[in-house]
Amino acid sequence: MQKTPYGVIAAVVTPLNEDESIDLESLERLVEWVLQGGARGLFVGGSIGEGAALRDRERTRLARETVRLV
């Protein structure tokens, strides 16, 4: 059964460390904060343009970690 998205789907930034790797601790805090604020979904990995700068491996890691957190 297909579900239609509804409510707020928040575009979130990708928190990065100084070496441009994903800051997983900050990502976890950000996801929790946005969902506690009432968002029904998250749009990650490019909503503000960082997606083009991430390597495929990092984009995949970002998606997997976000899914794990929700």
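If you check every pair at least six apart or on different chains, which have Cβ atoms under 6 Å apart with a residue in the range 45-67 that is among the hydroxyl-bearing types (Ser, Thr, Tyr) first and a residue that is open to solvent by less than 80 Å² (accessible area, probe 1.4 Å) and outside any helix (DSSP H, G or I) second?
So the pair list comes out as Ser47/Ala11; Thr66/Val44.
Considering only residues that are in a helix (DSSP H, G or I) and of a type in the set (Val, Ile, Thr), look in the range 8-43 and name the one that is least open to solvent (accessible area, probe 1.4 Å).
Let us first name the residues in the range 8-43 that are in a helix (DSSP H, G or I), namely 24-36.
If we keep only those that are of a type in the set (Val, Ile, Thr) as well, we get 31, 34.
Numbers: Val31: 4, Val34: 20 Å².
If we take residues in the range 8-43 being in a helix (DSSP H, G or I) and of a type in the set (Val, Ile, Thr), then Val31 is least open to solvent (accessible area, probe 1.4 Å).
Of all residues in the range 44-61, which are surrounded by fewer than 12 Cβ atoms within 10 Å (Cβ to Cβ) and outside any helix (DSSP H, G or I)?
Ile48, Gly49, Arg55
The values are calculated or read from the model by the stated rules, or taken from the named source; none is laboratory data. The structure displayed is predicted, hence computed values, not measured ones. Cβ: placed from backbone, ideal geometry, glycine included. Neighbour counts: every protein chain shown. Heavy atoms of the whole protein, side chains included, go into the accessibility calculation; ligands, DNA and RNA do not. Shrake-Rupley method; radii C 1.70, N 1.55, O 1.52, S 1.80 Å.
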